[in-house]
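Structure record follows, encoded as structure tokens.
The numbers here are math on the coordinates, done by the rules we state, and not lab data. Keep in mind it's a predicted model, so treat the numbers as computed, not measured. Reconstructed Cβ throughout: ideal geometry from the backbone, glycine too, with neighbour counts over all protein chains shown.
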Amino acid sequence: MNTFLEEVNDRMGGVPIQSCFHCRKCTAGCPIAFAMEYNPNAIIKMIQMGMREKVLGSSTIWLCASCETCVTRCPNDVDIARMMDTLREMAIESGVDAGEKNIVKFHEAFLSSIKMGGRISEPMMLVHYKLKTLDLFSDMGLGMSMFMKGKIKLLSPRTKDMGSVRKIFKSTDK
Amino acid sequence: MKVSYYPGCSLHATGKEYDQSVKAVSDALGIELKEVDDWSCCGASSAHMTNFKLSIALPARNIIAAQNDKLDMMVPCAACFNRFKGAQHHLEKDDSLKAEIEEIVGAKYDASVAVRNPIDIIYNDIGLEELGKAVTRKLDGLKPVSYYGCLLLRPPEVCQFDDYENPYMMDGIMGALGADARKWSCKTDCCGGSLTLGKTQIVVHLVDKMMMMAAEAGANCIVTACPVCFANLDTRASEKGRLPAFYFTEIMALALGLKGTEKWFNMHNVDPKPLLTSLGLI
């Protein structure tokens, strides 16, 4: 049985996260740190301390925008952005209550739109997202304005060979 | 020159003016575009944030489709560009992953396709001198700040694109068009990307700060090469103090005297026409 730290390292590959000497450069450059429950450096420390539930249930892992500033600037090449991706995957697999439910629902709506047409149909994806979150009215005016300007079309061309797209989803489904 | 062209989903929808301006500018500069056959979505943030293998297989399907063309692949969308470069990075360093992805996609990945953003193609293959010769209307009075955001640049060893802390190619292009590109410190900052729907307030906070920094740098507009950045700058900045945003190819088309600019500007949420009219550019 692996510790939480070993499990995260195994799944990430690359430099083990205990190479971190906690200089906090990742957090200093993180554009979203101001809104996070725990900052990126705290998440690394929490993994080392085995705080699985708190990390996987935190808002931080869903608020990370994947801008990759942290890994670009890390003096020890710890791939913190990939670590966040790994933690998100682990959170979904463990079934833990997500710290930011609407963001998870956005990703689900986005991927199911690709699964259906091979390409994102923005109106379909938005309707799907709105129904999942029951946040029906925000951005309504903006959406209408984009529709009137011809930016959002109800029907757009799809990928023809949908068999190959479905196979990708089926083969990578966990 | 001839390149294969991967527009991606945004360029057929909310980033339509980017698609149309890339095509117009390419045509004017003698770059022939061949669309990748039957392309599909790159998976964007949602794939890599939730399912690593899916995030490699979706771009791989498109790169493999482009292999037949035996050309460099032009990818204007910064998000697609980043996913393609990331997939190539993993496929080329991990043989067992490569074998697994080839099995899923049903074809071999041969590492022959160079994935390139139009900024790179215009700066390095066309060159600023040639570009300058094609200008018919110098953009006097236009003071843009170049905004790259995250996905063209990071991580640098994957993207291998421009200087990753202080990129200069877009400023060079703006200068060749006669615009006065302003120096500022937010070139590579993050706009919040896909948090725009789930966490709108974070994006508002980030773009408002950028608008203030751009104004302090003496800019009168922001130029970008990413449809996610563009959408966030154009629709999420608070009304007070916001500057018009442009795709860099729209600005190029204006300077090259190409048709269609008015139609693209009408699609923006923040109307750029009052600025351009006051400068006598339209």
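Taking the Cα centre of the protein assembly as shown as the origin, how large is its charge dipole in debye, to the nearest 20, when only Lys and Arg (+1) and Asp and Glu (-1) carry charge on their Cβ atoms?
Details: 53 positive and 54 negative charges, 201 e Å.
In total the dipole reaches around 960 debye.
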Cα centre as origin, Lys/Arg/Asp/Glu Cβ charges: region B:8-153 dipole, Debye: 460 debye
Positive-pole candidate from B:Cys221, B:Ala65, A:Cys26, dipole of the protein assembly as shown, charges at beta carbon: B:Cys221
Least to most buried among A:Leu63, B:Leu206 (fewest other Cβ within 10 Å first): A:Leu63, B:Leu206
Whole-angstrom Cα spans of region B:28-81 along principal axes, big to small: 40, 22, 15
Dipole moment magnitude, nearest 20 debye, region B:142-231 about Cα centre, only Lys, Arg, Asp, Glu C-beta charged: 240 debye
Part-to-part distance (alpha-carbon centres) for region B:175-237 and region B:88-164, which is given in Å: 20 Å
Top positive-direction residue, dipole computed over region A:101-172 with Cβ charges, set A:Met148, A:His128, A:Met116: A:Met116
Table column - 3J(HN,Hα) (Hz), region A:88-93, Karplus curve with 6.51, -1.76, 1.60, x for Gly and Pro: 5, 4, 5, 5, 5, 5
Sorted by Cβ neighbour density within 10 Å, fewest at the top, the residues A:Ser145, B:Ser146: A:Ser145, B:Ser146
When each of A:Lys25/B:Lys183; B:Lys53/B:Lys108; B:Lys209/B:Lys240; B:Lys70/B:Lys133 is checked by Cα-Cα distance, pairs over 18 Å: A:Lys25/B:Lys183; B:Lys70/B:Lys133
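Which of the chymotrypsin sites (Phe, Trp or Tyr not before Pro) across region A:1-57 are loop residues per DSSP, with 11 or fewer other Cβ within 10 Å?
Working: sites: A:Phe4, A:Phe21, A:Phe34, A:Tyr38; in loops: A:Phe21, A:Tyr38.
When the chymotrypsin sites (Phe, Trp or Tyr not before Pro) of region A:1-57 are filtered for loop state and at most 11 Cβ neighbours within 10 Å, A:Phe21 remain.
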Largest-first ellipsoid semi-axes for region B:2-116, taking √(5λ) over the Cα gyration tensor eigenvalues, angstrom: 25, 16, 10
Percent of Cα pairs exceeding the 31 Å cut-off, where the set is the protein assembly as shown: 40 percent
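Just want the ordering: A:Cys70, B:Cys42, from fewest to most Cβ atoms lying within 10 Å of their own Cβ.
Details: A:Cys70 26, B:Cys42 30.
In increasing order of surrounding Cβ atoms, one gets A:Cys70, B:Cys42.
Please report the relative contact order for chain B, taking Cα pairs under 8 Å with a sequence separation of at least 6, and give it as a percent rounded to a whole number. Each step should come with its number before you reach the end.
Numbers: 470 pairs, mean separation 54.1, N = 282.
Computed value for chain B: 19 percent relative contact order.
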Relative counts (whole %) of C-alpha pair distances in chain A, using bins that are 5 Å wide: 1, 8, 14, 16, 16, 13, 13, 10, 6, 3, 0, 0
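Tell me the Kirkwood radius of region A:101-172: reciprocal of the mean inverse pair distance over distinct alpha-carbon atoms, in Å. Don't skip to the end; give the middle numbers.
Working: mean 1/r = 0.0755 Å⁻¹.
Taking the inverse mean of 1/r over all distinct Cα pairs, region A:101-172 comes out at 13.3 Å.
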Gyration tensor over alpha-carbon atoms, region B:130-278, equivalent ellipsoid semi-axes in Å: 23, 19, 14
